[in-house]
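The values are calculated or read from the model by the stated rules, or taken from the named source; none is laboratory data. Note that the structure is a prediction, hence the values are computed from the model and not measured. All Cβ positions, even for glycine, are placed from backbone atoms using ideal geometry, and neighbour counts span all protein chains on display. SASA here: full protein model, heavy atoms, side chains in, ligands and nucleic acids out. Shrake-Rupley method; radii C 1.70, N 1.55, O 1.52, S 1.80 Å.
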Amino acid sequence: MSGFDLTPDPVSLQDRFRGLMVGTAVGDACGRPIEGHRVVPDSYLDEIRNDFTMVQYTDDTILTMALSESLLACDGFSGEDMADRLVDAWREEPRRGYGAGVTDWFSKVLQGKPWDKAAKAQFGGSGSYGNGGAMRVAPVAMWARDLDETVHLARETAKVTHTHPIGVEGALIQAVAAHHALKPEFDPARLIADLDDLVETEEFRKKLDILPSCLERDNDERARLHLGNWVAADNSVVTALYCFLLADDFEDAIIRAIRMGGDTDTIGAMAGALAGARWGLSAIPDAWHAVEAYDRLVGLADRMFERV
């Protein structure tokens, strides 16, 4: 039995599914060339609006597709299958911008270390608190039947590579946001209330506490200072949420995310997934449909939709 609301909706659920997948890649590709820049020039923002030629995505999109394919192949979560698919994706295209932490995890798994033990061994045994679990997690919101299953899948898929509580909660926040963004009547207040109930780490509690004032002031420089813009999950996930919640449409969400600077590909991918889920593929400017692997992304979304 589907857990999705199938009442009439100006944006079809299938279009939202497609938007989530393609939106991830668009945000990722728009952010890739400018990753690491503290200040993003207006000329670059004009370029991606008017002459979208940076169509190549990074590991964010590759691993999002790998997670989706694992859920479909296994009819749900399998840590072993997902780990195998992540490793295979890296072996096929290792120069897609993978971080040092996950590259170390790949190497350990290839050397025969079990995937779960390799994840727990990261960073001296504390586990990774990066945003890698969050950047790829949005498809679990298409798979899950309800909020509880979304939360469960977010945690489990994150822990394949990221076992630190911050890394896990980053994935949880992004997945819960995607769950709400897919609803016909998106309610930001309900989303924030659910996050308040679910989030436990001190680091993310602080970010969620400051988020309302950042939204009220609508000052990107202030938001960057308080929410962060780099690879730690607690310095990027709520930033992407901020960009999404303030956006008027899909394009606005992407431009806001890229303007944040820093880890632009991942902040862009996360904001793009949420914006695509809310406004659908039909709201993504036609020029951005030229993003790499467009047909594969739409195909994965359609296979997810067939389960509804």
Any pair with Cβ under 8 angstrom, 6 or more apart, that starts in the range 79-100 at a residue that is farther than 23 Å from Glu35 by Cβ and ends at one that is of a type in the set (Gly, Ala, Ser) and in a helix (DSSP H, G or I): Asp81/Ser70; Asp81/Ala73; Met82/Ala66; Met82/Ser70; Arg85/Ala66; Arg85/Ser70; Asp88/Ala66
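Give, as residue ranges, the helices (runs of 4 or more DSSP H) completely inside the range 118-171 that count at least 2 residues that are surrounded by fewer than 20 Cβ atoms within 10 Å (Cβ to Cβ), touching a residue at least 24 places away in the same chain (Cβ under 8 Å) and among the hydrophobic types (A, V, I, L, M, F, W, C).
In the range 118-171, 147-158 are the helices (runs of 4 or more DSSP H) which contain 2 or more residues that are surrounded by fewer than 20 Cβ atoms within 10 Å (Cβ to Cβ), touching a residue at least 24 places away in the same chain (Cβ under 8 Å) and among the hydrophobic types (A, V, I, L, M, F, W, C).
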Ala223 vs. criteria in contact with a strand residue (DSSP E or B) (Cβ under 7 Å, 6 or more places away or on another chain), farther than 16 Å from Thr61 by Cβ and buried (at least 24 other Cβ atoms within 10 Å of the Cβ): no
Helices (runs of 4 or more DSSP H) (entirely within the range 235-308) containing at least 1 residues that are open to solvent by 10 Å² or more (accessible area, probe 1.4 Å) and more than 24 Å from Lys207 (Cα to Cα): 250-259, 264-279, 294-305
Contacts under 8 angstrom Cβ, first residue in the range 206-218 being modelled with pLDDT of 95 or more, partner basic (Lys, Arg) and open to solvent by less than 80 Å² (accessible area, probe 1.4 Å), 6 or more apart: Cys214/Arg222
Among residues of the range 75-94, those that are surrounded by fewer than 14 Cβ atoms within 10 Å (Cβ to Cβ) and part of a helix (DSSP H, G or I), counted: 4
Residue match in the range 105-123 (condition: under 18 Å from the mean Cα position of the chain (by Cα) and at pLDDT 95 or above): no
Within the range 51-74, tally of residues that are open to solvent by 40 Å² or more (accessible area, probe 1.4 Å) and at pLDDT 95 or above: 3
Matching residues, the range 155-176, being closer than 17 Å to Phe244 by Cβ and in contact with an Asp or Glu (Cβ under 9 Å, 6 or more places away or on another chain): Gly170, Val176
